[in-house]
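What follows is calculated from the coordinates using simple rules that are stated; it is not laboratory data. All figures in this text were calculated on a predicted structure; none of them were measured in a lab. Every residue, glycine among them, receives a Cβ derived from its backbone with ideal geometry; neighbour counts consider all protein chains shown.
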Amino acid sequence: MLEVNGSIPEDELNVDPTAAAETPPRPSGAEAGRARPSLWRHADYLKIWSAATISLMGSQVSLIAIPFIAAVVLHASAFQVAMMGMFEMLPFIVFALPAGAWLDRVRRRPVLIAGDLGRAAALLTIPIAYTLGVLTIWQLYAVGFMTGVLTVFFDVADQSYLPVLLDADDLVDGNAKLQISASAAQIVGPGLGGGLISLVAAPFAIVVDALSFLASGGFVSLIRKHEPKPDRKLSADGSHTSMRREIADGLRYVAGNRYLRMIAGSTATSNLGTSIAFSIFPIFAYVELGLTPGLVGLAFGLGSVGVLMGALAAAPLSRRFGVGPVIVGSMFMTGPATFLIVFLPTSALAAGALLAASQFLMGFTAVTYNVSQVSFRQAITPLDIQGRMNATMRFMVWGIMPLGSVVGGILASLLPLRATVLIGAAVASSAFLWVLVSPVRSLREIPSGARSEATAAE
């Protein structure tokens, strides 16, 4: 179950201060019972929401186009296609922890802008190389690795930036609205990607994604709320702490928190299983089953209605059943969603319908899970350690994905492709046990004002 967030999708899910750009003050007294002002009137939140919506739309095009380029245009093997996921996610092992420590020392907005512009430049090399007749699988690996590095810094900065813009009481609503934009992108984007591939060569469809990153960077650059530069951390003797010390602090914070470590274990197990199952999906869908990118894109788009429903339902479900039960229940349902892929038939119509059903259930559960657990993490973590907390979580839950891609590629070389998907689905189905046996299941609501205490969730 990938984290889906406002950077993201996961991700997937982040100056001169003026009254119009500020979050309204927290109500008190007789005003406490009144409804909080809508975030649709929060000028800076609308900018980051717009940036996320546009970039996510473009990324959905590449989600269809790049695997198709590898499997069909370049005739890559199942193992070579699986390695694309490994190269894309490898930066989360190498760079996530130092990125978190560094981002707790700097302003996040410039990092978000640079991440958007850098990813646009990397993606544009694909259509250029194709036009020159020199595009290879190794260039796709290089682009995947470079965009992965930039995504590490962007995503950690994005999740750490949203609490700067919003009060803790607005985080669930803010994350849910970002997931609504993600759902719209996932509904429209895959169909757009499949349609573009039918009209133009797949490498040229990548231009849409590059342009979306340029637009996203433009919107983020328009945010006006002042973001103070974080103070450097000091040791007991008054000297500045080292990067190694700050990385260790982030690891200790997550590992020492009985809620965060179990959420990390659950998400990592789910991501391991889905990485195994989906690492060979392009070969399974386009080569073995003979599906077209248009059909796959349409099925992904229809299935992503589940993302929209999950985004709309996440906050009401948390209020009705409690944050903890929603986290446990949504993770439990990711198993059946992944298992549906195992039973895709050779009939194009039936395969498209079953794939859409799988994506619907997977999208709904992923979004309700992520809105709940990401908002909880943001609410309990002090602002001065947000970057390191998010980086440590990303290191743990996305760092496992390269291993899943490698395992998926090896299994696909030894076993039928359906058997590889089956093994991945079985691993993903066990992920809910982490949160089921932990204190997470007893959480009722997002704590308010808990950031001031680093041990608030202990």
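Need one number for the range 65-197: average projected area of the convex hull over its C-alpha atoms, nm². Before the final figure, lay out each step's value.
On the way: hull surface 37.8 nm².
Projected over every direction and averaged, the Cα hull of the range 65-197 covers 9.4 nm².
Given Cβ point charges of +1 (Lys, Arg) and -1 (Asp, Glu) and nothing else, what value in debye, to the nearest 20, does the dipole of the range 323-458 about its Cα centre take?
Values: 7 positive and 4 negative charges, 28 e Å.
With only Lys, Arg, Asp and Glu charged at Cβ, the dipole is about 140 debye.
In which sequence would Arg224, Arg441 go, from the one with the fewest C-beta neighbours within 10 Å to the one with the most? Can you show the working numbers first?
Details: Arg224 14, Arg441 17.
So the residues, fewest neighbours to most, are Arg224, Arg441.
How far is it, in nm, from the label point at Ala129 to the one at Val200 when both lie 7 Å from their Cα along the line to the Cβ?
Roughly 1.9 nm, to one decimal.
If each of Leu211 and Phe343 carries a label point 7 Å out from its Cα toward its Cβ, how far apart are those two points in nm?
Distance between label points: 4.2 nm.
Would you calculate a helix-derived [θ] at 222 nm for the chain, using -39,500 (n - 2.57) for each DSSP H run of n ≥ 4 and dividing by the full residue count, to the nearest 500?
Helix-only estimate at 222 nm: -22500 deg cm²/dmol.
Please report Leu403, Leu103 as a ranked list, fewest other C-beta atoms within 10 angstrom at the top and most at the bottom. Show your work: numbers first, answer last.
Working: Leu403 17, Leu103 24.
In increasing order of surrounding Cβ atoms, one gets Leu403, Leu103.
Using the Karplus curve 6.51 cos²θ - 1.76 cosθ + 1.60 with θ = phi - 60°, work out ³J(HN,Hα) for each residue of the range 319-330 in order, rounded to whole Hz, and write x for Gly and Pro.
So the J values, rounded to whole Hz, are 5, 7, 10, x, 4, x, x, 5, 4, 5, x, 5.
Given the Cα-Cα distance of Ala248 and Ile93 and 0.36 nm per residue of separation, how much length would full extension add, in nm? Please report the intermediate quantities before stating the final value.
Numbers: separation 155, 0.36 × 155 = 55.80 nm, distance 1.51 nm.
Extra length available between Ala248 and Ile93 comes to 54.3 nm.
In terms of the Cα gyration tensor, with a ≥ b ≥ c the square roots of its eigenvalues, is the range 385-434 rounded because a/c is under 1.5, prolate because a/b exceeds b/c, or oblate? Working shown, then result.
On the way: a/c = 5.63, a/b = 2.05, b/c = 2.75.
It is oblate, given that a/c is not under 1.5 and a/b is not larger than b/c.
With no solvent and one point per C-alpha, what does the Debye sum give as log10 I(q)/I(0) for the chain at q = 0.09, 0.13 Å⁻¹?
Debye intensities relative to I(0), on a log10 scale: -0.54, -1.16.
With a point put 7 Å past each Cα toward its Cβ, work out how far Ala43 is from Val188 in nm, to one decimal.
2.6 nm
Neighbour counts of other C-beta atoms within 10 Å: give me Ile410, Ile206 arranged from fewest to most.
On the way: Ile410 16, Ile206 26.
In increasing order of surrounding Cβ atoms, one gets Ile410, Ile206.
Between Asp167 and Ser430, what's the calculated FRET efficiency when r is the beta-carbon distance and R0 is 35 Å? Round to 0.05.
Numbers: r = 37 Å, r/R0 = 1.05.
According to the calculation, E is roughly 0.45.
Between Thr267, Ser375, Pro439, whose Cα lies farthest towards the positive end of the dipole of the chain when Lys and Arg beta carbons carry +1 and Asp and Glu beta carbons carry -1, centred on the Cα centre?
Checked the options; the winner is Pro439.
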